[in-house]
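**Q** Starting off with a structure, shown below.
The values are calculated or read from the model by the stated rules, or taken from the named source; none is laboratory data. None of the values given here were measured: they were computed from a predicted structure. Positions of Cβ are backbone-derived with ideal geometry, glycine not excepted, and every protein chain shown enters the neighbour counts.
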Amino acid sequence: MKRDGTVPWPPQAVRRYVTEGYWRGRPLGDLMWDWADRSGDRVAVVDGDVRLTYRELAEHVDALAENLDGLGLRDGDNVLVQLPNCWEFVAFFLACQRIGVAPVLALLAHREHELDYLAELAEVTAIVMPDRRNDFDHQALAAKLGAKHCAQVIVLGEDVHNGHTSLGSLIRRHGDAQERRIGMARYAPRSSDVALILLSGGTTGLPKIIARTHDDYEYNARRSAEVCEFDEDTVYLVTLSMAHNFPLGSPGLLGALMNGGTVVMARSPRPEVTFELIERERVTVSSLVPAVAQRWVDAAATTTRDLSSLRTVHIGGSVLPEGFAGTLARALGCRVQQVYGMAEGLLNYTRLDDPPHIVEGTQGRPISDADEYLIVDENGTPTGPGQPGELLTRGPYTPRGYFRAPEHNLHAFTPDGWFRTGDVVVLHESGNLIVRGRIKDQVNRGGEKVSAPEVEGLALELPQVRRAAVIAVPDRALGERVCLCVVLHDGQRLDLADVQRQFTTRGVARYKIPERLEVVPELPLTPIGKVDKNMLRQVVTSDARQLVVGA
Ligand code: OOB
């Protein structure tokens, strides 16, 4: 039994979500054939020269699902997936859905530190990784992880080592597709089962993961697609990693496939890559984080590519600089929807018919009538109208706890099942939310979330370091970067290059590696003896630094 550790919604909430039609009782894998029966000859996925119709995609997926079963993967298993955006990733994701296997969606940037932890926590029975990418030997790491966690290793690419299985060979269609489709009925995962596992940004030493069910995630994508008015003419460009909730199901590629649209895979968010795809495939919509959007705006000024097909850009994941939504709309000649979402569930969008001051000045409103939220002060009391406070939420696609984290859940959720987002918001009179900041101990580096305590724990492993505190420092390109402040042991020296080298050797994802180091004689403390990060931030980002810490 691999899935103990999920926290179910209480029975009365389940009853409501089912009877009021939020949850439809259909596993995601079943839906794929609904799509193929409806849109069979339309193009579902484009990846370079590969163009797959809905029917072809469904046939590949069933063949892969059967072969995964042949490898011994079973309903209830979890599989660690680290893949670039490609059609095989889409096929693998859907094949898992067919047989009740949950992909644990890691980012390509993750290294041994993250992947080993995820494999352990989710007790994965297989690991899927590329052979190499950008000079990193993923397959060698997969071999190490596979041996340690007794997991099958499946490899994307040409260079598949002995003992590993080629993803390409598992995906090849063979035999009678119709017969296989009928035979697939034997798997029948339940819609209340875990469909996929998303990574949380994390606010503790060890990152947390979120198990999303078929019922909840199907609704997440379906309702998002309604709000974003996806239809058959939607051509969705997967710019950000599809391992992330935003391009995967908010509404992202699943929203496009549910509506008979086309999904175009981009290997990189760089304008050199994406603008060519927009022109060639007549892309209508994509989702971006502000850091990527800024690069698109800069490149749009001089591009010779035809971007006129682009109708909408979804932007979210981190704070949008003032006025940027308007700049983006003008630069790309399209509409903008702000998206404030989280892997834990709740999604807010501005709507396509909202007036400019709402689209530019707010982060939107919840997608569902069944989404509940509260804005509370530090005592948990709702704040007055227009007053900032922490956002708490619960609803049909916001699970009631992190996976296998009972102690952490005591803090992260209230006894009534409200999820504490750690974000500070205000409710605008229009009913939209404005994100003002956060109280969670995190750095938001261009949309990638970095848990400060996690990096502090890693810093304390360095032999030179006696005390460590991580803060966010503002950055024009990425919004924030990771700044490590340390107190050293007597007589020790440490510079940034040294820190970066030691973190890299330790196998930490690059986006978490500190980009600024402050060696200080002491860390400022609050009256109750916790590190005073507000003070530290002020000190580090102001000229007062010399005076206070003598650095
Ligand atoms: C998305 O999901 P996560 O899980 O990577 O990060 C969630 C956190 C939020 O709690 C908030 O702190 C921040 O990212 N955030 C924003 C934001 N959207 C997310 N902060 C300010 N403005 C925004 N628009 O980031 C995510 C998931 C689905 C859709 C969109 C974003």
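**Q** Among what's in segment 272-295 and is in contact with a strand residue (DSSP E or B) (Cβ under 8 Å, 6 or more places away or on another chain) and within 16 Å of the ligand (Cβ to nearest atom), pick the residue that is nearest to Gly317 (Cα to Cα).
**A** We begin by selecting, within segment 272-295, every residue in contact with a strand residue (DSSP E or B) (Cβ under 8 Å, 6 or more places away or on another chain); these are 274, 277-278, 281-291, 293.
Filter once more, so that each one left must be within 16 Å of the ligand (Cβ to nearest atom): 285-291, 293.
Working: Val285: 17, Ser286: 14, Ser287: 10, Leu288: 8, Val289: 6, Pro290: 8, Ala291: 10, Ala293: 11 Å.
Per the criteria, the residue is Val289.
**Q** Would you mind stating whether Asp298 is more than 11 Å from the ligand (Cβ to nearest atom) and farther than 17 Å from Glu279 by Cα? I'd like the intermediate steps shown before the answer.
**A** Working: more than 11 Å from the ligand (Cβ to nearest atom): yes; farther than 17 Å from Glu279 by Cα: yes.
Yes, satisfied.
**Q** Ser39 is checked against (1) farther than 22 Å from Glu232 by Cα; (2) surrounded by fewer than 22 Cβ atoms within 10 Å (Cβ to Cβ); (3) in contact with a helix residue (DSSP H, G or I) (Cβ under 6 Å, 6 or more places away or on another chain) and fails just one. What number does that condition carry?
**A** (1)
**Q** Out of segment 42-56, which residues are part of a strand (DSSP E or B) and surrounded by fewer than 19 Cβ atoms within 10 Å (Cβ to Cβ)? Before you say what the answer is, go through the steps one by one.
**A** Filtering segment 42-56 down to residues part of a strand (DSSP E or B) leaves 43-47, 50-53.
Answer for segment 42-56, where residues must be part of a strand (DSSP E or B) and surrounded by fewer than 19 Cβ atoms within 10 Å (Cβ to Cβ): Val43, Val50, Arg51, Thr53.
**Q** In addition: Go through segment 144-163 and report how many residues are over 13 Å from Glu123 (Cα atoms) and crowded, with 19+ Cβ neighbours inside 10 Å.
**A** Number of matching residues: 4.
**Q** Now, a different point. Can you report the number of residues in segment 328-350 which are more than 25 Å from Gly431 (Cβ to Cβ) and buried (at least 16 other Cβ atoms within 10 Å of the Cβ)?
**A** Taking segment 328-350 and keeping what is more than 25 Å from Gly431 (Cβ to Cβ), we get 330-333.
Within this subset, residues satisfying the condition of being buried (at least 16 other Cβ atoms within 10 Å of the Cβ) are 331-332.
Residues meeting the conditions: 2.
**Q** Is it the case, given these coordinates, that Thr393 is more than 16 Å from the ligand (Cβ to nearest atom), β-branched (Val, Ile, Thr) and closer than 20 Å to Asn348 by Cβ?
**A** Numbers: more than 16 Å from the ligand (Cβ to nearest atom): no; β-branched (Val, Ile, Thr): yes; closer than 20 Å to Asn348 by Cβ: yes.
No.
**Q** Would you check which residues across segment 201-210 are at pLDDT 95 or above and either under 13 Å from Leu346 (Cβ atoms) or away from the ligand (no atom under 14 Å from the Cβ) (or both) and list them?
**A** Ile210
**Q** Let me ask something else. Look through segment 235-271, keep the residues that are more than 16 Å from the ligand (Cβ to nearest atom) and assigned to a helix (DSSP H, G or I), and return whichever of them is surrounded by the fewest Cβ atoms within 10 Å (Cβ to Cβ).
**A** The extreme case among them is Pro271.
**Q** For segment 351-365, give me each residue that is within 19 Å of Ser224 (Cα to Cα) and surrounded by 13 or more Cβ atoms within 10 Å (Cβ to Cβ). Even if it seems obvious, please write down each step before you answer.
**A** Start the filter on segment 351-365 by keeping residues that are within 19 Å of Ser224 (Cα to Cα), which leaves 351-354, 358-359, 362-365.
Within segment 351-365, Arg351, Leu352, Asp354, Ile358, Val359, Thr362, Gln363, Gly364, Arg365 qualify.
**Q** Could you go through segment 348-365 and let me know if any residue there is in contact (Cβ under 8 Å) with a residue 24 or more places away in the chain and more than 22 Å from Phe324 (Cα to Cα).
**A** Checked against the condition, which is being in contact (Cβ under 8 Å) with a residue 24 or more places away in the chain and more than 22 Å from Phe324 (Cα to Cα), segment 348-365 yields no hits at all.
**Q** What is the number of the single condition among (1) in contact (Cβ under 8 Å) with a residue 60 or more places away in the chain; (2) within 23 Å of the chain's Cα centre (by Cα) that Ala119 does not meet?
**A** All conditions pass for Ala119, except number (1).
**Q** Residues Arg190, Arg132: which one is modelled with pLDDT of 95 or more and within 20 Å of Pro84 (Cβ to Cβ)? Walk me through how you get there before you give the answer.
**A** Working: Arg190 fails: within 20 Å of Pro84 (Cβ to Cβ).
Testing whether each residue is modelled with pLDDT of 95 or more and within 20 Å of Pro84 (Cβ to Cβ) leaves just Arg132.
**Q** Here is a follow-up. Considering only segment 57-87, how many residues are part of a helix (DSSP H, G or I) and in contact (Cβ under 8 Å) with a residue 12 or more places away in the chain? Before the answer, list the steps.
**A** Looking only at segment 57-87, we keep the residues that are part of a helix (DSSP H, G or I), and these are 57-70, 87.
Adding the requirement that they be in contact (Cβ under 8 Å) with a residue 12 or more places away in the chain leaves 57-69, 87.
Total meeting the criteria: 14.
**Q** Within segment 490-505, is even one residue of a type in the set (A, V, I, L, M), without any contact (Cβ under 8 Å) to a residue 60 or more places away in the chain and under 19 Å from Asp441 (Cβ atoms)?
**A** Of the residues in segment 490-505, the ones of a type in the set (A, V, I, L, M) are 494, 496-497, 499.
Now restrict to residues that are without any contact (Cβ under 8 Å) to a residue 60 or more places away in the chain: 494, 496-497, 499.
Still in the running and under 19 Å from Asp441 (Cβ atoms): none.
For segment 490-505, residues of a type in the set (A, V, I, L, M), without any contact (Cβ under 8 Å) to a residue 60 or more places away in the chain and under 19 Å from Asp441 (Cβ atoms): absent.
**Q** Looking at segment 366-389, which of its residues are surrounded by fewer than 19 Cβ atoms within 10 Å (Cβ to Cβ), hydroxyl-bearing (Ser, Thr, Tyr) and either touching a Gly at 6+ places or on another chain (Cβ under 8 Å) or touching a residue at least 60 places away in the same chain (Cβ under 8 Å) (or both)?
**A** Thr383, the sole residue that qualifies.
**Q** Also, quick follow-up: Looking at segment 123-142 only, could you name the residues that are in a helix (DSSP H, G or I), under 30 Å from Thr6 (Cα atoms) and out of contact with any strand residue (DSSP E or B) (no Cβ under 6 Å at 6 or more places or on another chain)?
**A** Going through segment 123-142, the residues in a helix (DSSP H, G or I) turn out to be 138-142.
Keeping just the survivors that are under 30 Å from Thr6 (Cα atoms) gives 138, 141-142.
Passing the criteria: only Leu141.
**Q** Could you tell me which of the residues Gly491, Gly529 is at pLDDT below 95 and on the phi > 0 side of the Ramachandran plot?
**A** Values: Gly491 fails: at pLDDT below 95.
Gly529 is the lone residue from the list that is at pLDDT below 95 and on the phi > 0 side of the Ramachandran plot.
**Q** A follow-up question, please. Wholly within segment 401-460, which strands (runs of 3 or more DSSP E) include no fewer than the required count, namely at least 1 residues that are hydroxyl-bearing (Ser, Thr, Tyr), surrounded by 22 or more Cβ atoms within 10 Å (Cβ to Cβ) and within 12 Å of the ligand (Cβ to nearest atom)?
**A** Numbers: elements: 419-427, 433-438, 442-445, 448-451.
Answer list for segment 401-460: 419-427, 448-451.
**Q** Same structure, new question: Which ones in segment 1-29 are in a helix (DSSP H, G or I) and touching a His at 6+ places or on another chain (Cβ under 9 Å)?
**A** From segment 1-29, those in a helix (DSSP H, G or I) are 11-19, 28-29; that's our starting set.
Passing the criteria: Leu28, Gly29.
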